[in-house]
Amino acid sequence: MKSLTAIFSQISKVSLYLAIFLIPLFFLPFGSDVLDYSKQVLFLPLVFLSLITWFFKQIGQERIILRGNKLLYFTFLLIFILFSLSTIFSLWQKASFWGWPLNVSDNLLAFTSFLILAFLFANVFQNEKELFLAALLFLISGAIAGLYLVLQLYGVFVLPFNFSRIPSFNSIGSVYSAAIFLAILFSLSLGLVFKAKNPILWLLPLILLTELVLIDFKNAWLIVFLGGLIVSIFSLTDSKERPRFGWLSFLVIILVLSIFFFFFPLRFSLFPSLPLEASPGFLLEFNILKGVFNEGIKNILLGTGPGTFIFDYSKYRSPLLNQTIFWGTRFSTGSSEVLDWFVTKGVLGGISLIFLLCLAIYFSIKLVKSEDSFGLKIGLLTSVIGLTVAGFLTSFNFTLWLAFWFLMGGVLFYTSEQKEIGLSSSSLRLVFSFLFLAITVIGLVLLIFQGQKYLAQINYSKGIKLSQQGEIDQAIAHLQKATRLNRSVDVYWRDLAQLYLSRANLLSQESGLKPNRTRLINESIREGIKSLERAINECPVNVANWNVRGFFYRNLVGVPKAGEIALTSYQKAAELEPASPFAYGEMGRVYILMAQESKKKKAERKAEEQLSLAIKSLEKAIKLKPDYAPAHYLLAVAYDQQGKREEAIAKLEELEKISPQDIGVSFQLGMLYWRKREIDKAQKEFEKVIKLNPDYSNALYMLGLVYDKKGEKEKAKKLFEKVAQLNPENGEVKKILENLKRGLPATEGMGSSQPPIGEMPPEIQR
């Protein structure tokens, strides 16, 4: 039995070692989230295996040996309870529990796994050597991940995947999150190499420092400086041994480097170029926090729920962001993990996190002041302080949370007191067996569901790739499978609805009469509507669901009630994202399409009312974002349909200055000039469009009419021949070519001077 107990003990330790070593390096290329979600998929079974084998060990030795610090355990339990309550009252409970499709590193399942990791550190590792090995593996893993990042930044792509062949990709997260992670590991490494007898250990801090120099991120240097400063102070105050000159010289170099790069963030020619990364500023996040707290006592105490920051950002972000290139970006995290906790877990969650950080610093200082103060203990102190500072400067991804709970586990290990409970009593054995059985069943169920959800993500990712290749039917099949495997993810249903709409559009464009085509079109539309309603039922607070619903019904304008449903969808989107001009712009687009339908039915008065409403909506969009090109363009369209051609032309001329590369704007302006019979101006605009897009059929067609009008028959003929090549089944173009060959005007006997290709400008129809 003793040998079996030893085997369980070894399995438990190896599982922890694997989790610590693999997570910073691990990712899977199959799903749409190749980093954090992949790490969670690996992390859960490794932690669960370690926990279960620890239980088996206790049963085998017929006694429970618990090690830990009561105050830390109490704090862990308190935070777990608050986190659970925040999940229960979340804006989206399922995603706050599982993570995907929200912030995968901020969910109850991952948080519970991290708590178990810290518990296992204190109860699986038996001595400092085992903890030292865990720290060493963590440092080696981080150094390898940092090396891979540096190679990526230099354009040396060692992996064959398409997503990995961009300089910013790495196995940790964003480039700057990776820099923070490496800085924390560097602080930890200082403790490992202090008085180290093995010179090979010095390779780790040197490699990490080199990687930090090449990345050169200001906030990372602040963490490095604090680590070097703390180690220097304790080195100078060590009463047992005189400080070594070489060691102090190394610390001085660290301090000088960190100060220099912090105040002079220079990019030398040998350094790789870094990608642009953005996050909400502190002031913006404070405004979001204020908006969340204004909603009531629940949000003040428990926040909006783990992972829900993206919804808070959409609802409360400042309209001032519309003046930047990030106006359409929705951030899933803020600029500070501590502030994020106040937003998503409320005052109780935020204060409990700060209390835990303060507690970890307090115990770390006590450890360093105790006998045998240096080594791993001072490494824990420096990295805990560095991570605390990082918590106020940046948001955490899965790897940074692993570092956080690794350090909490280390502090718990050193401050642990041992308590032994015998299992000789039948009642105690029954309670322990029941607890073991319950944890085993719950763990297995969670792992099964997690595997099922990951398979769903793989199918979703395959479906999206197929849709980009034009394989709509196969894409639909994969997304249907994704929804069967995981019915609670709104993005699966939302994108499935758009695929059904694409299929309906493709069927409607097929030439010739085919049996059951009308039935298939109607069936696709019905399935798309069902999918949309399912997405909204799963997450009604997600503005993306309402935007897609509006887009779906906007494409059905002409069908009874479609326009009205599109408008209500965009109105709801505007409520959830009031600072964005998008929903108001789309409402204007829908009103214009409804006005076109009203004119077809000879309801001129109704059409005029709808155009007036379109102008009001578009003016709201422009008020939010004065340079919002789609709203300016649609406003010109509305003026034109009202017969105010001069106002329409003035609006498009103004817009063309804002968006000179927008072919839709230039084409529409050319059309207005054509209708006004300003032929030279129309020619200039159509030529500009063709220069930007040589295969734009309608611009080729209209430029051909311009040349024909000006008597340049050969030029017109060449253009219409190209239009015929691009649209071989278009009979009207063939008729024009016959007229030109006979020396007649292009549209002789046709009565049309409009482009017949059936293509609306891309801003109106996707």
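Given the options 406, 432, 436, name the one that is in a helix (DSSP H, G or I), within 24 Å of residue 74 (Cβ to Cβ), open to solvent by 30 Å² or more (accessible area, probe 1.4 Å) and in contact (Cβ under 8 Å) with a residue 12 or more places away in the chain. Exactly one of 406, 432, 436 is in a helix (DSSP H, G or I), within 24 Å of residue 74 (Cβ to Cβ), open to solvent by 30 Å² or more (accessible area, probe 1.4 Å) and in contact (Cβ under 8 Å) with a residue 12 or more places away in the chain, namely 436.
Within the range 128-165, the set of residues being among the aliphatic types (A, V, I, L, M) and under 25 Å from residue 415 (Cβ atoms) comprises 131, 133, 134, 135, 136, 137, 139.
Inside the range 409-429, residues that are at pLDDT 85 or above, open to solvent by 20 Å² or more (accessible area, probe 1.4 Å) and hydrophobic (A, V, I, L, M, F, W, C) make up a count of 0. Based on what the data block shows, is residue 65 in contact with a strand residue (DSSP E or B) (Cβ under 9 Å, 6 or more places away or on another chain) and of a type in the set (A, V, I, L, M, F, W, C)? In short, yes.
One residue stands out among those in the range 295-332 that are farther than 15 Å from residue 578 by Cβ, assigned to a helix (DSSP H, G or I) and more than 21 Å from the chain's Cα centre (by Cα): the one that is modelled with the lowest pLDDT, which is 323. Looking only at the range 266-289, filter to residues that are of a type in the set (Phe, Trp, Tyr), modelled with pLDDT under 90 and touching a Leu at 6+ places or on another chain (Cβ under 8 Å); which one of those is least open to solvent (accessible area, probe 1.4 Å)? By that ranking, first place goes to 271. If you check 292, 343, 256, which single one turns out to be open to solvent by 10 Å² or more (accessible area, probe 1.4 Å), free of Cβ contacts under 8 Å to residues at least 60 places away in the same chain and not in a loop (DSSP other than H, G, I, E, B)? None of the other options fit; the residue is 256.
Of the residues making up the range 650-675, just one is open to solvent by 70 Å² or more (accessible area, probe 1.4 Å) and within 13 Å of residue 640 (Cα to Cα), namely 675. Among the residues of the range 216-242, those identified as over 24 Å from residue 274 (Cβ atoms), of a type outside the set (A, V, I, L, M) and either open to solvent by less than 50 Å² (accessible area, probe 1.4 Å) or modelled with pLDDT of 85 or more (or both) are 232, 234, 235, 238.
For (1) open to solvent by less than 60 Å² (accessible area, probe 1.4 Å); (2) among the aromatic types (Phe, Trp, Tyr), each residue gets a yes or a no:
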position	(1), (2)
572	no, no
578	yes, no
581	yes, no
605	no, no
608	no, no
621	yes, no
626	no, no
633	yes, yes
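Within the range 667-689, not a single residue is touching a residue at least 12 places away in the same chain (Cβ under 8 Å), part of a helix (DSSP H, G or I) and under 33 Å from the mean Cα position of the chain (by Cα).
To keep it simple, each residue is scored yes or no on (1) open to solvent by less than 20 Å² (accessible area, probe 1.4 Å); (2) at pLDDT 95 or above; (3) assigned to a helix (DSSP H, G or I); (4) more than 19 Å from residue 303 (Cβ to Cβ).
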{"site": "79", "(1), (2), (3), (4)": "yes, yes, yes, no"}
{"site": "84", "(1), (2), (3), (4)": "no, yes, yes, no"}
{"site": "126", "(1), (2), (3), (4)": "no, no, no, yes"}
{"site": "141", "(1), (2), (3), (4)": "yes, yes, yes, yes"}
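Going by what's in this entry, would residue 200 be described as part of a helix (DSSP H, G or I), within 30 Å of residue 336 (Cα to Cα), open to solvent by 60 Å² or more (accessible area, probe 1.4 Å) and among the β-branched types (Val, Ile, Thr)? For residue 200, the condition - part of a helix (DSSP H, G or I), within 30 Å of residue 336 (Cα to Cα), open to solvent by 60 Å² or more (accessible area, probe 1.4 Å) and among the β-branched types (Val, Ile, Thr) - is not met.
Would you check if there is a residue in the range 39-62 being touching a Pro at 6+ places or on another chain (Cβ under 6 Å) and either of a type in the set (Gly, Ala, Ser) or open to solvent by 40 Å² or more (accessible area, probe 1.4 Å) (or both)? Within the range 39-62 (the criterion being touching a Pro at 6+ places or on another chain (Cβ under 6 Å) and either of a type in the set (Gly, Ala, Ser) or open to solvent by 40 Å² or more (accessible area, probe 1.4 Å) (or both)), the answer is no, since none of the residues qualifies.
On the basis of being touching a residue at least 24 places away in the same chain (Cβ under 8 Å), over 19 Å from residue 173 (Cβ atoms), in contact with a Phe, Trp or Tyr (Cβ under 6 Å, 6 or more places away or on another chain) and surrounded by fewer than 22 Cβ atoms within 10 Å (Cβ to Cβ), does residue 367 make the cut? Spelling it out, residue 367 is indeed touching a residue at least 24 places away in the same chain (Cβ under 8 Å), over 19 Å from residue 173 (Cβ atoms), in contact with a Phe, Trp or Tyr (Cβ under 6 Å, 6 or more places away or on another chain) and surrounded by fewer than 22 Cβ atoms within 10 Å (Cβ to Cβ). For the range 589-598, a residue qualifies if it is open to solvent by 40 Å² or more (accessible area, probe 1.4 Å) and either among the polar types (S, T, N, Q) or without any contact (Cβ under 8 Å) to a residue 24 or more places away in the chain (or both), and exactly one does: 596.
Within the range 2-59, the residues that satisfy the criterion of being in contact (Cβ under 8 Å) with a residue 60 or more places away in the chain and part of a loop (DSSP other than H, G, I, E, B) are 23, 24, 25, 26, 27, 29, 30, 31, 32, 33, 34, 35. In the range 621-649, the residues that are in contact (Cβ under 8 Å) with a residue 60 or more places away in the chain reach residues that are assigned to a helix (DSSP H, G or I) and among the basic types (Lys, Arg) with C-beta atoms within less than 7 angstrom, at least six apart or across chains, in these pairs: 634/589. Of the residues in the range 1-15, at least one is touching a Pro at 6+ places or on another chain (Cβ under 9 Å), modelled with pLDDT of 95 or more, of a type outside the set (A, V, I, L, M) and crowded, with 17+ Cβ neighbours inside 10 Å. Any residue at all in the range 322-333 that is among the polar types (S, T, N, Q), surrounded by fewer than 19 Cβ atoms within 10 Å (Cβ to Cβ), over 27 Å from residue 176 (Cβ atoms) and without any contact (Cβ under 8 Å) to a residue 40 or more places away in the chain? So far as the range 322-333 goes, no, none of its residues is among the polar types (S, T, N, Q), surrounded by fewer than 19 Cβ atoms within 10 Å (Cβ to Cβ), over 27 Å from residue 176 (Cβ atoms) and without any contact (Cβ under 8 Å) to a residue 40 or more places away in the chain. Is the range 449-464 home to any residue that is in contact with a helix residue (DSSP H, G or I) (Cβ under 9 Å, 6 or more places away or on another chain), outside any helix (DSSP H, G or I) and surrounded by fewer than 20 Cβ atoms within 10 Å (Cβ to Cβ)? Looking for residues that are in contact with a helix residue (DSSP H, G or I) (Cβ under 9 Å, 6 or more places away or on another chain), outside any helix (DSSP H, G or I) and surrounded by fewer than 20 Cβ atoms within 10 Å (Cβ to Cβ), one finds none in the range 449-464, hence no. Taking the criterion of being surrounded by 18 or more Cβ atoms within 10 Å (Cβ to Cβ) and farther than 23 Å from residue 643 by Cα, the residues of the range 676-698 that qualify are 688, 689, 690, 696, 697.
Search the range 535-565 for residues being of a type in the set (Lys, Arg) and part of a helix (DSSP H, G or I), and hand back the single one that is most open to solvent (accessible area, probe 1.4 Å). Once the filter is applied, the top-ranked residue is 549. Of the residues that sit in the range 164-197 and are in a loop (DSSP other than H, G, I, E, B) and β-branched (Val, Ile, Thr), which one is most open to solvent (accessible area, probe 1.4 Å)? Among those that are in a loop (DSSP other than H, G, I, E, B) and β-branched (Val, Ile, Thr), it is 166.
Inspection of the range 642-655 finds a residue satisfying the criterion of being within 22 Å of residue 557 (Cα to Cα) and modelled with pLDDT of 85 or more. Annotation: residue 488 fulfils all but one of (1) open to solvent by less than 30 Å² (accessible area, probe 1.4 Å); (2) assigned to a helix (DSSP H, G or I); (3) under 24 Å from residue 43 (Cβ atoms); the unmet one is (2).
The values are calculated or read from the model by the stated rules, or taken from the named source; none is laboratory data. These figures come from a predicted structure and were not determined experimentally. Glycine also receives a Cβ, built like all others from the backbone with ideal geometry; neighbour counts cover every protein chain displayed. Surface accessibility is based on the protein's heavy atoms, side chains included, excluding ligands, DNA and RNA. Shrake-Rupley method; radii C 1.70, N 1.55, O 1.52, S 1.80 Å.
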